[in-house]
Amino acid sequence: MKAQHPIAQLCATLGVTTSGYYAWVKAPASVRAAQDATLGAQIQALHTRHQGRYGAPRIRAVLAQQGESHGTKRIARLMKQAGLRGRGPKRYVPHTTQSHHDQPIAANRLAKVSAPTGPNQIWVSDLTYVPTDEGWLYVAIVLDLWSRQVVGWSTGASLAASLAVGALQMALCHRQPPQGLLHHSDRGIQYASGEYRSHLAAAGIEPSMSRAGNPYDNAAMESFNATYKRECVGLAEERGGYATRAQARQDFFAYAEMYYNRERLHSALGYKSPVDFERKLN
């Protein structure tokens, strides 16, 4: 309106003095507006640091850990004003494993036991795949169900049983679990193979497998796969994708070992990282 009408005329119409108007214009921002500006800068920094992965709930949790208490709705409002969005969960439909083989199938023992109360009581495993210009990179993962920490992983250009065995061997080497640990997977040939079963038996680990055609029996592992695809592979694809399998493998290492295990806050762990969640035992 100032472009079409003189300030004095507008002030007269609204019943305010021109001196009062100019005093309002020159007045410092309100305390709340100043606080919003400071908080907005913090939100922008955290959003950038986490490569756009964090939405309002996780940003609120990070700020709370720093001793600052802010409501999720306020953070969401400021993010919206700044055009910021987290990489929120999308509808994920897991792929069921085709288990057309003649290897032994273990019972679903996971469904009959209580939730773990500490580390190295239950591990869950799965395979996923990542597109590269060289072809698929297959990734085998072992997750500790209690802390959601990636404890073993392996990558390769094929779905040979050795891929899954490599992830299991890493987990055994790093964690050295006691006998009696429960290992849950789908019914894929990699996990039913004699090679894999022999490694489980040698370590005193009890096998468990999902029901046929029911990937939700391994929900925690499916959740990790969805998160990895969204927060790591998805970002890479926005940059043009992976040129080589080696590039995809390095990105998985950086995501799983450096970010997911040690920094990313997990809602199921009270907004702690898996490593920090395990440290609470000490």
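The values are calculated or read from the model by the stated rules, or taken from the named source; none is laboratory data. If you're wondering where the values come from, they're calculated on a predicted model, not measured in any experiment. Quick reminder, even Gly has a Cβ in these numbers, built from the backbone with ideal geometry, and neighbours come from all protein chains shown.
Values as computed for the structure displayed
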item	result
Residues located in segment 258-269, provided they are surrounded by fewer than 13 Cβ atoms within 10 Å (Cβ to Cβ) and either aliphatic (A, V, I, L, M) or at pLDDT 95 or above (or both)	M258, A268
Test for D126: is it crowded, with 17+ Cβ neighbours inside 10 Å and either in contact (Cβ under 8 Å) with a residue 12 or more places away in the chain or not polar (S, T, N, Q) (or both)	yes
Criterion (more than 19 Å from W136 (Cβ to Cβ) and at pLDDT 95 or above) met by exactly one of A236, A254, A248	A254
Residues satisfying the stated conditions in segment 101-121, i.e. of a type in the set (G, A, S) and in a loop (DSSP other than H, G, I, E, B)	A106, A107, S114, A115, G118
Cβ pairs under 7 Å, 6+ apart, first in segment 47-62 and under 13 Å from Y259 (Cα atoms), second among the aliphatic types (A, V, I, L, M) and assigned to a helix (DSSP H, G or I)	Q51/L235; Y54/L46
Output for segment 174-227, where each listed residue is in a helix (DSSP H, G or I), in contact (Cβ under 8 Å) with a residue 60 or more places away in the chain and farther than 22 Å from Y129 by Cα	G194, R197
Subset of segment 159-174 [touching a helix residue (DSSP H, G or I) at 6+ places or on another chain (Cβ under 9 Å) and not hydrophobic (A, V, I, L, M, F, W, C)]	S162, Q169
Residues located in segment 187-221, provided they are in contact with a strand residue (DSSP E or B) (Cβ under 7 Å, 6 or more places away or on another chain) and closer than 25 Å to G118 by Cβ	Y191, L200, I205, E206, P207, S208, M209, N218, A220, M221
